[in-house]
Each structure stands twice: as structure tokens, then as C-alpha cells.
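What follows is a set of notes on a single structure, which appears directly below.
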Amino acid sequence: MNAGGSTVAGQRPRLAVHDPRAPGLSLRDAFLIFTRQRSARIIAALLVVTLTLRLAAGRWSGWDAAVLVALLALHPFTEWVIHVGILHWKPRRLGRLTIDTDLAREHRLHHLAPHDPRHWYTPMRGALVGFAISSAVVGLIAPTLALWLSFLVGVVAIGLVYEWTHYLCHTSYRPRGKHYRRLWRHHRLHHFKNEHYWMGVTMHLGDRLLGTQPSPKD
């Protein structure tokens with residue numbers, strides 16, 4: 001396109017993509033849209049803050065690696081428990097009180113309208129409350145400040161990977177790699193075949209071991 005705004009002969013202008021459901025969405029455009037989302041920015045900022053604090057704390061040891069390995073080993077099960085127990089929570093009555101959460105309410109809307117981008121992202125208020133509680137509990141038992149900060153870095157990094165993976169599974173981007181194709185198919189089975197199965201988003205080990213990964217043909 002020249003200075004006057006006309007298109008050079010034989011070339012089509014590349015239109016900016018703002019809708020993650022747009023046909024032919026590239027991975028680059030999907031990423032750029034993701035970076036504009038509130039949840040992605042908050043989690044990324046938390047990662048920068050916790051990583052900066054961890055680097056400043058120093059005192060590195062093999063225990064830091066052990067913390068991260070433990071988080072990764074537990075992640076398939078924590079992700080499964082959060083999805084089943086928190087996101088799929090059904091409102092319960094206790095006298096006149098209805099027990100429900102922002103996370104569960106938003107997730108129900110997500111299942112009612114899985115193609116609506118407004119419901120693809122983690123509600124930050126509920127997520128930050130959960131993060132604060134788990135951070136406080138681990139902070140009480142962590143032997144050193146450095147190891148506690150390593151835990152925080154690992155949790156936030158896993159959270160960012162989850163947010164990106166879940167978002168990408170709902171965009172119009174079509175997976176190319178074998179690993180992502182498996183994640184994409186798995187999550188779509190959860191939404192469009194049976195919401196009581198295929199609970200994992202970033203890993204499937206929890207589903208395999210806990211009996212929620214049946215054959216898609218069943």
C-alpha cells in the first residue's frame with residue numbers, strides 16, 4: 001500500500017485481526033489478541049514480579065528444582081481437582097444462603113456459550129483469591145523465603161500456560177503439532193461431547209488415572 005492508501009497491484013492488504021474466531025487465524029495473530037486480554041496481562045505481570053523477587057532473593061539450591069518438579073508432577077491432578085471441584089461446582093443451598101463462586105458461575109456461562117470469547121478467560125477476582133490463599137498456606141510451611149518464591153514462580157508460570165492453552169483451544173487457529181492437536185481435540189470433546197469427562201486442559205494424566213478419559217467412540 002502506497003502513501004496515498006492505495007494497494008500495490010497484485011497485493012492484498014493484510015487486515016488486522018481482532019476476533020480470535022476469525023477464519024484462518026494465524027498463531028501470531030492469536031498471540032497478539034491474547035496479549036490484549038486482562039487475565040493474560042495480570043498473570044504475566046505476576047510472573048514478572050515473582051520472578052524478579054526470586055532472582056533478588058538468591059540462595060539457589062537443588063531444592064528449587066525439586067519444588068518446580070513437584071509442581072509439574074502434581075499439576076495434572078490439581079488441574080483436574082480445580083476443574084471438577086471448583087469450576088464445575090453446582091450452587092448449593094444452606095438454609096437461605098446459596099453457596100456459589102464467581103469461578104463456577106463464569107464457567108457455567110462458558111459451557112453455555114463455548115464460542116463466546118467473553119467467557120474464555122479466567123475470572124481474575126476468584127483466581128487471585130485462590131492464589132493468595134494457597135500462597136499464604138505454603139508460606140507458613142516453606143522452610144525459606146527463597147523456596148516460597150520458587151513455588152510462587154512455578155504456580156504463576158503454570159497458570160499462564162493454562163490460560164494460553166485454554167484460550168488457543170477455543171480460537172479458530174488449527175493445531176499443527178501433534179501435542180497441541182491432542183490438547184485441542186481433548187478439550188473440544190469436553191465441551192461438545194460430555195462435560196463430565198476430559199477435564200484436563202494442559203495435561204491428560206489426571207484424566208487417564210482418574211477415569212475421565214473414555215474412548216471418544218463410547
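Computed from the coordinates by the stated procedures, all read-outs in this text should not be read as laboratory data. Keep in mind it's a predicted model, so treat the numbers as computed, not measured. Glycine gets a Cβ as well: all are built from the backbone with ideal geometry, and neighbour counts include every protein chain shown.
Just one of the listed residues (Trp60, Trp89) is surrounded by 11 or more Cβ atoms within 10 Å (Cβ to Cβ), aromatic (Phe, Trp, Tyr) and touching a His at 6+ places or on another chain (Cβ under 9 Å), namely Trp89. Restricting attention to region 37-55, the residues being closer than 13 Å to Trp164 by Cβ and under 13 Å from the mean Cα position of the chain (by Cα) number 6. Residues in region 111-123 that are outside any loop (DSSP other than H, G, I, E, B) and either within 28 Å of Ala73 (Cβ to Cβ) or in contact with a Lys or Arg (Cβ under 8 Å, 6 or more places away or on another chain) (or both): Pro117 alone. Restricted to region 189-218, and to residues there that are free of Cβ contacts under 8 Å to residues at least 60 places away in the same chain and touching a helix residue (DSSP H, G or I) at 6+ places or on another chain (Cβ under 7 Å), the residue that is surrounded by the fewest Cβ atoms within 10 Å (Cβ to Cβ) is Pro216. Could you figure out which of (1) part of a helix (DSSP H, G or I); (2) more than 21 Å from the chain's Cα centre (by Cα) isn't true of Phe34? Failing condition for Phe34: (2). Of the residues making up region 154-198, those that are within 15 Å of the chain's Cα centre (by Cα) and aliphatic (A, V, I, L, M) are Val155, Val156, Ala157, Ile158, Leu160, Val161, Leu168, Leu183.
Residues checked against (1) out of contact with any strand residue (DSSP E or B) (no Cβ under 7 Å at 6 or more places or on another chain); (2) buried (at least 17 other Cβ atoms within 10 Å of the Cβ); (3) among the hydroxyl-bearing types (Ser, Thr, Tyr):
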{"residue": "His115", "(1), (2), (3)": "yes, no, no"}
{"residue": "Arg118", "(1), (2), (3)": "yes, no, no"}
{"residue": "Ser134", "(1), (2), (3)": "yes, no, yes"}
{"residue": "Val137", "(1), (2), (3)": "yes, no, no"}
{"residue": "Leu149", "(1), (2), (3)": "yes, yes, no"}
{"residue": "Glu163", "(1), (2), (3)": "yes, yes, no"}
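The residue that is nearest to Arg174 (Cα to Cα), counting only those in region 33-54 that are of a type outside the set (Gly, Ala, Ser) and surrounded by fewer than 14 Cβ atoms within 10 Å (Cβ to Cβ), is Thr35. All of Gly130, Gly159, Gly126, Gly139 fail the test of being in a helix (DSSP H, G or I), touching an Asp or Glu at 6+ places or on another chain (Cβ under 6 Å) and not aromatic (Phe, Trp, Tyr), apart from Gly126.
Residues in region 66-80 that are more than 17 Å from Met199 (Cα to Cα) and either surrounded by 14 or more Cβ atoms within 10 Å (Cβ to Cβ) or under 14 Å from the mean Cα position of the chain (by Cα) (or both): Val67, Leu68, Leu71. Applying a threshold of 8 Å to beta carbon distances and a minimum spacing of six or more residues, or different chains, the list of pairs starting in region 104-126 at a residue that is of a type in the set (Ser, Thr, Tyr) and ending at one that is surrounded by fewer than 16 Cβ atoms within 10 Å (Cβ to Cβ) reads Tyr121/Arg38.
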